[in-house]
Amino acid sequence: MKKLMWALFLFLGSSAFKGSSANAGNYMELTGLKVSLMYVRSIKTFRLLFMSLFSMGMCLIFLLIGLIVLHISLFLYTPWSMGTKMLIGLSCASVYLIATVVMISQTFASDKWLKIFNAEGLINQLNKEIVPKEDAKPIE
């Protein structure tokens, strides 16, 4: 957080002294790139935090539901044969397992998180700015 505040302070400070230095534009671009990079990193950190907390809870819920359904289907007294009881229990458990995999893959996709935080345009802009120009002077 200190780095983000420091970079933001430098960004605002460099824009205040824009006219006083010939290299002010370069410093402003560099600071803007650093702030943008920190923003993308914060999205990644928040995504990982959310993934760990949400996935632990969802895995526990689906595990408990799967176990309950498995035990109910195994020990419930029905007029079905033992083979039918096993088939129903295994099919219910497999449905919950497939639902868990689908939910985790859809919820934690990195592209979806970039869209939520509007970082796709920022990444495209950074990729364009990183490509060196022939007439640009290197930062000293």
Taking 7 Å along the Cα-to-C-beta vector as the label spot, tell me the SER55-VAL35 distance in nanometres, rounded to one decimal.
3.3 nm
Please turn the phi angles of the range 44-50 into ³J(HN,Hα) values with the Karplus equation 6.51 cos²θ - 1.76 cosθ + 1.60 (θ = phi - 60°), one per residue in order, whole Hz, x for glycine and proline.
4, 5, 5, 4, 5, 5, 5
Applying 1/(1 + (r/R0)^6) with R0 = 30 Å to the Cβ-Cβ distance of VAL95 and LYS128, what FRET efficiency is obtained, to the nearest 0.05?
0.05
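Read-outs: derived from the displayed coordinates by stated rules, not from any lab. The shown structure was predicted, so the numbers you read here are calculated from the model rather than taken from an experiment. When we count neighbours, we look across all protein chains shown, and the Cβ atoms used for this are built from the backbone with ideal geometry, even at glycine.
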